[in-house]
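Structure first, then comments.
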Amino acid sequence: MLAMIYIGWAFAKGRDVPRDLARAEHWYRRAAETETPLAGLMLGNLYASQRRYPEALRAFEGGALKDHPASIYRIRRLYYEGQGVPRDEDRAKALWERAAELGHLFAKRNLALMRLRGRYGVAAMPSGATRLLAIWWGFFSVVLEYPYSELLQ
């Protein structure tokens with residue numbers, strides 16, 4: 001399965017092979033048939049880059065059902081920006097919070113920044129600063145230990 005993802009990535013990026021998005025999609029789909037969240041994430045990212053948002057949503061949802069934080073984080077973007085779904089900031093916020101609970105570092109960062117900027121009220125601003133400092137420590141810990149972590153995607 002990882003080999004199929006890598007082949008798809010190589011075609012998507014044009015690494016050591018001519019760039020071919022149709023072949024990338026083929027390999028990502030084959031990998032996604034194994035119901036591996038990373039494969040669905042890669043396929044969803046490919047669809048989103050082509051503005052095929054309903055297909056991206058379906059690809060991300062497979063990982064979201066398995067509590068894959070990066071997939072949940074990507075679905076949040078679709079709802080926040082109204083890409084292929086009606087724009088829904090409340091749904092996006094709930095998805096951000098779920099991804100953060102599962103350890104997704106960018107989701108944690110974004111929520112901390114929202115608190116710091118007063119989006120949760122003035123009383124939440126100090127906790128935003130505290131959370132942001134803790135997130136930076138966590139970020140460096142993950143980067144040093146595993147720089148390709150799915151918590152960074």
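The values are calculated or read from the model by the stated rules, or taken from the named source; none is laboratory data. The structure displayed is predicted, hence computed values, not measured ones. Neighbour counts are summed over all protein chains in view; Cβ atoms, including those assigned to glycine, are modelled from backbone coordinates with ideal geometry.
Given the criterion free of Cβ contacts under 8 Å to residues at least 12 places away in the same chain, basic (Lys, Arg) and either touching a Lys or Arg at 6+ places or on another chain (Cβ under 7 Å) or within 20 Å of ARG76 (Cα to Cα) (or both), identify the matching residue among ARG98, ARG117.
On the way: ARG98 fails: free of Cβ contacts under 8 Å to residues at least 12 places away in the same chain.
Testing whether each residue is free of Cβ contacts under 8 Å to residues at least 12 places away in the same chain, basic (Lys, Arg) and either touching a Lys or Arg at 6+ places or on another chain (Cβ under 7 Å) or within 20 Å of ARG76 (Cα to Cα) (or both) leaves just ARG117.
Can you find even one residue in segment 97-105 that is at pLDDT below 90 and buried (at least 16 other Cβ atoms within 10 Å of the Cβ)?
Yes, there is a match, as at least one residue in segment 97-105 is at pLDDT below 90 and buried (at least 16 other Cβ atoms within 10 Å of the Cβ).
Based on what the data block shows, is ALA112 within 11 Å of the chain's Cα centre (by Cα) and under 26 Å from LEU132 (Cβ atoms)?
Values: within 11 Å of the chain's Cα centre (by Cα): no; under 26 Å from LEU132 (Cβ atoms): yes.
Against the criterion (within 11 Å of the chain's Cα centre (by Cα) and under 26 Å from LEU132 (Cβ atoms)), ALA112 does not qualify.
Cβ contacts < 7 Å: first residue of a type in the set (A, V, I, L, M), restricted to segment 28-39; second residue part of a loop (DSSP other than H, G, I, E, B), any location; separation 6+ or different chain. Result?
Sorted first by the residue in segment 28-39, then by its partner, the pairs are ALA31/MET1; ALA39/MET1.
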